[in-house]
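One structure below.
The values are calculated or read from the model by the stated rules, or taken from the named source; none is laboratory data. Everything numeric in this text was worked out from a predicted model, so none of it was measured. Glycine gets a Cβ as well: all are built from the backbone with ideal geometry, and neighbour counts include every protein chain shown. Side chains are part of the model used for accessible areas, which takes the heavy atoms of the whole protein and leaves out ligands, DNA and RNA. Shrake-Rupley method; radii C 1.70, N 1.55, O 1.52, S 1.80 Å.
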Amino acid sequence: MLNSREEILLKLTEILVEMFEVDEADITEEAHLSDDLDIDSIDAVDLIVRLKEVTGKKIAPEEFKSVRTVGDVVGAIEKVMAEK
């Protein structure tokens with residue numbers, strides 16, 4: 001499962017490439033979702049749905065309100081995965 005930050009980042013990269021045709025080389029923890037990767041708010045909702053499927057955990061949209069970068073997404077997933 002997604003136990004480490006690296007595993008989460010790898011899975012997230014896979015999802016971003018598959019769903020939004022983002023260039024894998026552009027995906028870093030510092031990459032800004034909207035400015036660098038062209039992920040808009042509609043895409044973010046699709047991403048949340050996909051992450052729920054992958055993690056088996058419900059990710060509250062509020063958790064994503066402060067998300068700006070790929071690293072923020074990884075952090076949000078880490079937080080959700082840590083919850084029992």
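Worth a mention:
- For THR69, residues with placed amide H under 5 Å, excluding near neighbours: LEU33
- Check: the chain dipole with +1 on Lys, Arg Cβ and -1 on Asp, Glu Cβ, in debye: 720 debye
- For the chain, the Kirkwood hydrodynamic radius from C-alpha pairs, put into Stokes-Einstein at 10 °C and a viscosity of 1.306 mPa s, yields a diffusion coefficient of 126 µm² per second.
- Portion, in percent, of the accessible area of the chain that falls on carbon or sulfur, probe 1.4 Å: 50 percent
- Longest exposed-site-free window of the chain, the sites being GluC sites (Glu not before Pro) in a DSSP loop that have at most 15 other C-beta atoms within 10 Å: 31-82
- Taking other residues whose beta carbon is less than 14 angstrom from the beta carbon of ASP72, and scoring Lys, Arg as +1 and Asp, Glu as -1, yields -3.
- By the helix-only formula, in which each DSSP H run with n ≥ 4 contributes -39500 (n - 2.57) and the sum is divided by residues, the chain has a 222 nm mean residue ellipticity of -18000 deg cm²/dmol.
- Surface analysis of the chain yields an accessible area of 61 Å² per residue, using protein heavy atoms and a 1.4 Å probe.
- Between helix 41-55 and the chain: long-axis angle, C-alpha atoms, 0 to 90°, nearest 10: 40 degrees
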